[in-house]
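Structure first, then comments.
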Amino acid sequence: LIMLFILDWKMTLLTFITIPIFVLIMIPLGRIMQKISTSTQSEIANFSGLLGRVLTEMRLVKISNTERLELDNAHKNLNEIYKLGLKQAKIAAVVQPISGIVMLLTIAIILGFGALEIATGAITAGTLIAMIFYVIQLSMPLINLSTLVTDYKKAVGASSRIYEIMQEPIEPTEALEDSENVLIDDGVLSFEHVDFKYDVKKILDDVSFQIPQGQVSAFVGPSGSGKSTIFNLIECMYEIESGDIKYGLESVYNIPLSKWRRKIGYVMQSNSMMSGTIRDNILYGINRHVSDEELINYAKLANCHDFIMQFDEGYDTLVGERGLKLSGGQRQRIDIARSFVKNPDILLLDEATANLDSESELKIQEALETLMEGRTTIVIAHRLSTIKKAGQIIFLDKGQVTGKGTHSELMASHAKYKNFVVSQKLTD
């Protein structure tokens, strides 16, 4: 560039006319590339979600005869990805020719103006040739820059979804790190005028109750009344809209999150399993050494030791993706064994015996009663026998607490509870 100014500053300035033309062409192309790249990543995410869902629930897909439907959905996703890929390729293919045309236009301007300069004797033919040579050298980085711009816009579009996710608020695990050693006194777990909503739909409306320490409390109510949401809020999976949740005199939001969750054991309705061995799943999340003898003892309490030993590899048997190699009842019992090992202060049981046969359920109930001793236990159950044993029943209806008491008290005083028990045909 310096040599161009030395040779002829007027002709050098004239060549800069092509730069705005180049920029005006590259800016819209870059925006189009970014938009297409964002759409491509969205389609790839949709396809990945579809693939994961189908592979995870393959049994449901087959039994529902929806293979063709899912294949059609996959083909639509792949076709959209293919079309968007073609658009990206077309833009990439156009960029370099445009850069070449701009370079040729620059050379043409130099030749035209240079010919006039030679005719007037302002420069020599050698100077003109030298300037053309320098312009070509200067143009090559600009051509490479055009490719870089489109690649950059493509990367921006691809990373925009990741950026959006990273901007989501994270759990305040570090905010209370300095208070990790704070002692938490055991006490009553209480909801105080709690409101909660998913997006715009209100789920809990001015919910207040107390869960006595060391007793069994049961939540009962129709589907969608907010029972599972209360469990999620106890575990601090979501933030409440208003009100407070306390453990003793302390708000759970002032307790370090990891410390609070270590106090909670959860036997889930979905029987969550991780890929790995049975041993890995029973000990999942346990941050202390557990001997084989202790592990076997807990497995026996959960009534899963016998079926585990029927496998050739015993506790080292691989369970498959989401535990597909195990039955629902087996997964349930391993989930319960995990709670035995964790030894929590608060036990959450979400329909804990729903997948067990009568014999297994009886043994598990006996084991759970042992586990419940001295613990705050909260149950969501469909079985009347479980509800009757609760020291307190909290009836939820449309996100509101409409009744509290024992089974006999609510049957006598709460019409909705009585109708629910009769309509749901709750049995022992």
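A few notes on this one:
- Qualifying residue in the stretch 329-343 (condition: assigned by TED's automatic domain parsing to the domain that holds Ile380, without any contact (Cβ under 8 Å) to a residue 60 or more places away in the chain, over 25 Å from Ile264 (Cα atoms) and of a type outside the set (D, E, K, R)): no
- Of all residues in the stretch 64-117, those satisfying the criterion of being surrounded by 15 or more Cβ atoms within 10 Å (Cβ to Cβ) and over 30 Å from Ser48 (Cβ atoms) are Ile98, Ser99, Val102, Met103, Leu105, Thr106, Ile107, Ile109, Ile110, Phe113, Gly114, Glu117.
- For the stretch 302-341, a residue qualifies if it is crowded, with 17+ Cβ neighbours inside 10 Å and among the acidic types (Asp, Glu), and exactly one does: Asp335.
- Which numbered condition Ile234 fails, given (1) closer than 15 Å to Ile336 by Cα; (2) out of contact with any helix residue (DSSP H, G or I) (no Cβ under 6 Å at 6 or more places or on another chain); (3) of a type outside the set (D, E, K, R): (1)
To keep it simple, each residue is scored yes or no on (1) at pLDDT below 80; (2) of a type outside the set (Lys, Arg); (3) part of a helix (DSSP H, G or I).
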residue	(1), (2), (3)
Leu29	yes, yes, yes
Arg59	yes, no, yes
Glu70	no, yes, yes
Asn73	no, yes, yes
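- Among the conditions (1) within 25 Å of Ile334 (Cα to Cα); (2) touching a strand residue (DSSP E or B) at 6+ places or on another chain (Cβ under 9 Å); (3) among the acidic types (Asp, Glu), Glu241 misses just one, which is (1).
- Of all residues in the stretch 375-399, exactly one satisfies the criterion of being polar (S, T, N, Q) and surrounded by fewer than 16 Cβ atoms within 10 Å (Cβ to Cβ), namely Ser385.
- The residue list Ser291, Ser242 contains one member that is surrounded by fewer than 20 Cβ atoms within 10 Å (Cβ to Cβ), of a type outside the set (Phe, Trp, Tyr) and without any contact (Cβ under 8 Å) to a residue 40 or more places away in the chain, which is Ser291.
- Taking first residues from the stretch 277-288 that are modelled with pLDDT under 90 and partners that are surrounded by 16 or more Cβ atoms within 10 Å (Cβ to Cβ) and in a loop (DSSP other than H, G, I, E, B), the Cβ contacts under 8 Å between residues at least 6 apart in sequence or on separate chains come to Asn281/Met273; Asn281/Val319.
- Test: residue in the stretch 192-209 that is closer than 20 Å to Pro344 by Cα, assigned by TED's automatic domain parsing to the domain that holds His382 and in contact with an Asp or Glu (Cβ under 7 Å, 6 or more places away or on another chain): no
- Among the residues of the stretch 232-251, those that are closer than 16 Å to Asp206 by Cα and out of contact with any His (no Cβ under 8 Å at 6 or more places or on another chain) comprise Leu233, Ile234, Glu239, Ile240, Glu241, Ile245, Lys246.
- Qualifying residue in the stretch 253-275 (condition: assigned by TED's automatic domain parsing to the domain that holds Ile334, buried (at least 19 other Cβ atoms within 10 Å of the Cβ) and at pLDDT 90 or above): no
- If you go through the stretch 165-222 and keep only what is at pLDDT below 65 and touching a Ser or Thr at 6+ places or on another chain (Cβ under 7 Å), you end up with just Thr173.
- Count - residues of the stretch 235-257 that are among the acidic types (Asp, Glu) and within 14 Å of Ser190 (Cα to Cα): 3
The values are calculated or read from the model by the stated rules, or taken from the named source; none is laboratory data. Since the structure is predicted, the reported quantities are computational estimates derived from the model, not experimental observations. Virtual Cβ from ideal backbone geometry, glycine too; neighbours counted across all protein chains shown.
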